[in-house]
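This report concerns only the one structure given below.
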C-alpha cells in the first residue's frame, strides 16, 4: 500500500477516529443519579453501620463468617480495613486484624483445605488473604501483617512461570509440558491456578491478576526488585493472554492456549488495582495509558453495566450465553436472586475497589477521575434507593433492587466496597458537597454537580457526533475518488477466480476485532499463534521448591458433559494507601471449573476435555491489535470499522432510554 494513496489516507482517518473514540471518558447521559449531595459524615455513618452489622457474625475460632465463602471472608476483612484506612482510625481493628491473625493461625499453610464445596486447593485463596493482610498493614501499621503477605507471596510464587519455564515449556509444579507462547506472546508471567493437580495448566484471571496486585503492593511497601520484576512480567502476561481489547477474560489453558472468556468484574478489578499501584510506583506512562483505556472500556461494558449505569452482575439480569446463574428465578429476576450467596453478586465490589484505587492515584481533574466518581456514585445511589429500604442499611446484593428484609452477609459485603469508595471521594474536611469532580478538588456547595455532569455529557455528545460526521463525509469523498479512478482504468482485468466481490486483503493476516465470545466447547484454531510479540519481559526467578503437603490429591468429581459456572473473588482499594484483594474460587460441585468440561470415561474416572483456542489477535503495547509487519496499520481496519459502528450505534436516535433496556446484554439462556 502506497503512503500517498487514498487507501492509506482512509486508513489514517480511521486510526484517528479509533483513537478519539477509544478514549471515551464521558459520563453517559443515561446514567441514573451520577452525583450525590450527602455529606461525608453521613456517608461514614452508613459505611460503619454495615461493618457493625457483620462484625458479630465472625466466628472467633476460625476468623471467618460461616455464611461466607473462604475468599469472601477475606474480601470482607479487606473492606473493613479499607474503611479504617479512609477515615484514619483503628475503630475496627478487632474485626479486621484480629480475625485475620486467627485465620492464619488456623491455616498456617495459607490454603483452605479441601471441603464439601471444593475438592482442590487453589492459589486464589492465599492471594486473597495476603491482600487482606496488606490492607490491614496499611490501616494499622503492624509489621507482622506485612510479613504474612510476603510469606504468602513466597508460597504462591513457586507456581509462577518464569521466562526460563516458558522457554522450556516445563515447570516443577507440573508433570506435563505447556506452550511456550500463545497468540504470539510468551507464557512467562502466569501463575498456575490449581495446587493439587500436576497436569492442569490453567491460568485464570483471579489468580494472576490477584498475584500481580499483591506484587505491586509489596513493591510499594518494600521497594524490592523481585516484586517489580514479578509485577511487570505478570502484567505483560495479562495484557497479551487475557485481555481481549475490552475486558480481562477468565482463563487460558497453557497446554493448548484454549481460553474461557467468561466475563466477571473481579478480573479487571484486580488488574486495575495492581496496575494503578505499579504505574504510580514505577512512573510508567505506558501502563498508565493502558490502565486508563481499561477503565473506560470495562466501566461501560454492557454485559455487567446496565444502560442506566447500575451494575447487574450476579443477578438474573446478567445475561451471557452459557453463564450459569445460581438463582431459582432467572426468568423473572425476583427477590430470590439475592437470597442465595453467589460469587458474582458478593464479589463485584472488588471492581469498585480497583476503580477507587485508580482514582486515588489519578490526575486531579482528569476525565478518567470524573468517570470513576460518577460510576461509583451511580452504584451508591442505587444501593440507597433501590437495594435497601429507606434508612435501613441492609443491602440486597442485587443492586437494581428490590430491597430485602433480612440481613444478608454477602449483600453487606458487596455494598461495603461501594460505601467505602463513596466516603473516600469526598475530602475529610467536606460537609455538604457533591461528589468530587476530580481526585482532589470538590465543587462548591452552590455548584450543581448535575449541571456539570450534563454539560460534560453534552460536550462529549457534540464532539462525538462531529467526529463521526466528519469521518462519514471523508469516507464518502474517498469512495468517490476511488469510483472516478476506477472508471478511468482501461486495463483493468479480473483474474480467472476473481469477482468484484473478492476480498482484496484475503491473503493478508487481518486481525479480527476483539470481542467477547460466548462459552463454546470448540473453536477454530487461531491463525495468530505464529505471530511473535515485541514485548520484552524481564526475567524473574522465584523459589522453585514446591512446598510439601500432607493433603492428598483430589481428582475432580464426575459430572455430566458440562459443569455449572460460578464466580469467586475479593479485592480492595483506597485513597492514599490502599490495596485490593480478590479471588476466583471454583468448586468441583455446582460452583466453578470455568475452563474445564468433564466427562466420564469408560473406566469410570473423569478426564478433562480441553477447549481448543479461540482466535484472538496479539495485542500491542497499549492493548491494541498488533499491526502487520509489512503494513503496520492494515491489520487495524476491521477493529476501526467495528469501533466506528459501535460509536454510531450509541448515538441517541432522538430520545433517551432511562432504563437502558436497549443496551441490556443478549437474552439469557439457562443451561
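Structural remarks
- Reciprocal of mean inverse Cα separation for region 147-216 (Kirkwood radius, Å): 12.4 Å
- Gain on full stretching of the segment that runs from residue 199 to residue 143 - 0.36 nm per residue minus C-alpha separation: 16.4 nm
- More than 11 angstrom apart: percent of Cα pairs within region 122-164: 62 percent
- Extended-chain gain in nm, criterion 0.36 nm per residue less alpha-carbon gap, residue 177 and residue 94: 25.2 nm
None of the figures in this text is laboratory data; all of them are computed from the coordinates on show. No experiment lies behind these values; they were computed from the predicted model shown.
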